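Notes for the one structure printed next.
The values are calculated or read from the model by the stated rules, or taken from the named source; none is laboratory data. Just so we're clear, the structure is a prediction, and the values are computed from it rather than from any experiment. Glycine also receives a Cβ, built like all others from the backbone with ideal geometry; neighbour counts cover every protein chain displayed. We work out accessible area using only protein heavy atoms, side chains counted, and drop any ligands, DNA or RNA first. Shrake-Rupley method; radii C 1.70, N 1.55, O 1.52, S 1.80 Å.
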Amino acid sequence: MTVAAAVPMAMEARGGGGTSPFGISWQKAMMWFFIVTDALLFAGFLAAYGFHRIAAPSWPDRRVVFHMEFITAMTFILISSSATMATAVGAARAADTRTAVRFLGLTILGGLVFLGMQAYEWSSLIGAGARLDGNPWGVPGFSALFFTITGFHGTHVAIGVLILAIAALRALRGRYSGEGVELVGLYWHFVDLVWVFVFGCFYLV
Amino acid sequence: MDAAMSATPYRTYWSAWLVLLAITLAMVLTGSPPVLVAGMMAKATIIALWFMHLRTERLDLVLIVLGGIFATSLALFGLIAPDGWEMSS
């Protein structure tokens, strides 16, 4: 057997390889790999946060700095947008375009409301004197980490809203596939998953 | 995977949503570290398994995704956090 013939056979025998690695499409496999690498970016951020938190002799009281009811509402909205996204994916898979578009629209709305609330929260903190290099609570690393981590997450949400809008427009024109919506859904759920840890580590600990 | 996913009824997603909200509320109201850690892990698991449909994917993909994320995250925290304790003491 030639090497050229043996390689595809070996791929099929192990990961599925060929046109369907791990029994899924290449597009979906690449989305999963992207999610793994992006998760490591946020893991690095949260590890840096953990280091600062442990090393700092004191840390600002979260109940003084943040409006916890407001942040909890933001979290509820992002979780709800994940549920609407999952419903949109299910509808797209079932070729129910109307339901898919409606729930994609609701997911976009959830993302926009979340971003608006985050902008309000940022402006409140900036108004209170928080900057990347200092803040009134006496722990400079606090605001630097806060703006960096929530800023990166917010950027992910904004990109997600843009991709969702493109997916909704394509669906409206009938130019979409169930898997296309599913890939967008994977990204959106990942953004929600990251917020689980940002919310838990930054706002609740 | 596709057939299993298509067969997932919408109410499964909305049940998962209710559980996620309940866990979030419990985390906010108690604020105790064990509840927070358990809550974060439970929420991440629900999102990954039900919303992202990881439970219907092949085991090798699941192991690559979860193993990759958890092993590297543990290494990151394990290598960085002890330095924080050293600095604080």
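Annotations for the structure displayed:
- In region A:35-67, the residues that are more than 9 Å from every other protein chain (Cβ to nearest Cβ) and over 14 Å from A:Phe146 (Cα atoms): A:Asp38, A:Leu41, A:Ser58, A:Arg63, A:Val64, A:His67
- Residue in region A:133-148 that is open to solvent by less than 10 Å² (accessible area, probe 1.4 Å), more than 14 Å from every other protein chain (Cβ to nearest Cβ), more than 25 Å from A:Ala94 (Cβ to Cβ) and β-branched (Val, Ile, Thr) present: no
- Taking (1) open to solvent by 10 Å² or more (accessible area, probe 1.4 Å); (2) under 21 Å from the mean Cα position of the chain (by Cα); (3) not aromatic (Phe, Trp, Tyr) in turn, A:Leu78 satisfies each apart from (1).
- Screening region A:45-55 for residues that are of a type in the set (Gly, Ala, Ser) and within 23 Å of the chain's Cα centre (by Cα) and picking the one that is surrounded by the most Cβ atoms within 10 Å (Cβ to Cβ) gives A:Ala47.
- Evaluation of A:Val139 against (1) at pLDDT 95 or above; (2) among the β-branched types (Val, Ile, Thr); (3) over 21 Å from A:Tyr187 (Cβ atoms) (one fails), failing number: (1)
- Taken over region A:81-97, the criterion of being among the charged types (D, E, K, R) and either within 10 Å of chain B (Cβ to nearest Cβ) or within 21 Å of the chain's Cα centre (by Cα) (or both) is satisfied by A:Arg93 alone.
- Pair list, Cβ < 7 Å and 6+ apart or interchain, from region A:181-202 residues that are within 7 Å of another protein chain (Cβ to nearest Cβ) and part of a helix (DSSP H, G or I) to residues that are open to solvent by 10 Å² or more (accessible area, probe 1.4 Å) and of a type outside the set (Phe, Trp, Tyr): A:Leu186/A:Met31; A:Leu193/B:Ala44; A:Leu193/B:Ala48; A:Val196/B:Met40; A:Val196/B:Ala44; A:Phe197/A:Leu46; A:Phe197/B:Met40; A:Gly200/B:Met40
- Each residue in region B:35-44 was checked for being surrounded by 15 or more Cβ atoms within 10 Å (Cβ to Cβ) and under 13 Å from the mean Cα position of the chain (by Cα), and 6 pass.
- Selection of region A:46-61 for residues being more than 23 Å from B:Met52 (Cα to Cα), touching a residue at least 40 places away in the same chain (Cβ under 8 Å) and in a helix (DSSP H, G or I) yields A:Ala48, A:Tyr49, A:Gly50, A:His52, A:Arg53.
- Subset of region A:25-44 (residues that are surrounded by fewer than 20 Cβ atoms within 10 Å (Cβ to Cβ) and aromatic (Phe, Trp, Tyr)): A:Trp26, A:Phe33, A:Phe34
- Of all residues in region A:140-169, exactly one satisfies the criterion of being more than 30 Å from A:Ala55 (Cα to Cα), touching a helix residue (DSSP H, G or I) at 6+ places or on another chain (Cβ under 7 Å) and free of Cβ contacts under 8 Å to residues at least 40 places away in the same chain, namely A:Ile163.
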